[in-house]
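Here, each number is a calculation from the coordinates, and none is a lab measurement. Just so it is clear, the model here is predicted, and its values are computed rather than measured. Glycine also receives a Cβ, built like all others from the backbone with ideal geometry; neighbour counts cover every protein chain displayed.
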Amino acid sequence: MNIVVAIKQVPDLVEELELNDSGTDLDREWLKFKVNEFDDHALEAALLIKDAHGANVTVIALDNGLDIDKALYAAAAKGADRVIKVTGDFEGYVSTHKAAKALAGVIGTLGADLVMTGVQAVDDRDGQLAVLLAHQLGVPHVTVVTDIQVNDTSATVHKEYGGGMIGEFTVDFPAVLGIQAAAETPRYVPVAKVRRAMKSTNIEEIGGDGSGASAGTEVTKMYKPETGQGAEMLSGSAEDVAAKIVEIIRSKGI
């Protein structure tokens, strides 16, 4: 079984986010990036299948100028058999449509039974990558996946719906899965093991083309959220608090 996992780096939201001079994107010069959390779960799900069934796992990512090499080496240290960097015009923000087209152009040559990626990312604006990859590859997909059981020709997966409802689907290979959670917490890899992977792992570079793929929208201006004066804490008995709430509502003309 051949599994391809698509990953990407996203802004670390614990950092202070600043806008660029034009106000159309984040200022990425000093911004810290990390592997998308859901992509990390997708890789773990693939490695669990490898552990149980002996699958071959390939990790693929766009060369977006964010030192993606480190993420690929870490994937190799965790157990990926092959790592691929898709080169091209992918620096800065890359729309999900463009990423899907570029990645699909390479993934389509790899003979994948399963393609797995995170269900979403903090910087997704124009769609979920798994859905768009399936469209580009012309194969079925299931997203928001929380459990996977595979055999030689298909996978039975659990898909999470709102309200805690779970649906079960069987999808024939080849297929794309958008992973929300792996069955296990993504494995930790020590720095020493990553360094060894850097010496022994060959990152393959393959050209990709995402031109002409667009959601038809663009960001013209971004704004930092406005901050107020903070919350007003009300104290007293239930009757006192209720009276104060009524007074506040009336004072605002609601």
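With Cα atoms defining each centre, segment 5-64 and segment 118-152 are spaced 15 Å apart in the structure.
In whole percents, the pair-distance distribution calculated for segment 161-254 from its alpha-carbon pairs, binned every 10 Å from zero, is 8, 13, 16, 25, 18, 12, 8, 0. Of the three principal axes defined by the Cα atoms of the chain, the extents in descending order read 67, 45, 42 Å.
Close Lys pairs in segment 70-198 (alpha-carbon distance under 14 Å; sequence gap of 8 or more, or different chains): 4.
Residue exposure proxy: Glu232, Glu205, ordered by other Cβ atoms within 10 angstrom of their Cβ from fewest to most, comes out as Glu232, Glu205. Note that segment 175-185 has calculated 3J(HN,Hα) couplings of 7, 10, 10, x, 8, 8, 7, 7, 5, 10, 4 Hz, one per residue in order, obtained from phi through the Karplus relation 6.51 cos²θ - 1.76 cosθ + 1.60 (θ = phi - 60°); glycine and proline are x.
Residue-wise HN-Hα couplings along segment 227-234, as the Karplus relation 6.51 cos²θ - 1.76 cosθ + 1.60 with θ = phi - 60° gives them from phi, are 10, x, 8, x, 7, 9, 8, 9 Hz; Gly and Pro carry x. Among the GluC sites (Glu not before Pro) in segment 1-62, those placed in a DSSP loop whose Cβ has at most 15 other Cβ atoms within 10 Å are Glu15, Glu16, Glu18, Glu29. So, in nm, how far is label Ile166 from label Ala242 when the simple model puts each one 7 Å beyond its Cα toward the Cβ? My value for the distance between the label points is 4.3 nm.
Across Leu47, Leu177, Leu31, mean-square fluctuation computed from a Gaussian network of the chain (C-alpha pairs under 10 Å connected) peaks at Leu31. For segment 59-139, relative contact order (Cα pairs under 8 Å, six or more residues apart, normalised by length) works out to 29 percent. The aspartates and glutamates whose alpha-carbon is closer than 16 Å to the alpha-carbon of Lys199, local same-chain residues fewer than 8 away aside, are Asp69, Asp81.
Spacing of the modelled spin labels on Ile206 and Asp69, each 7 Å from Cα toward Cβ, amounts to 2.1 nm. Cα centroid separation, segment 190-254 to segment 168-188: 26 Å.
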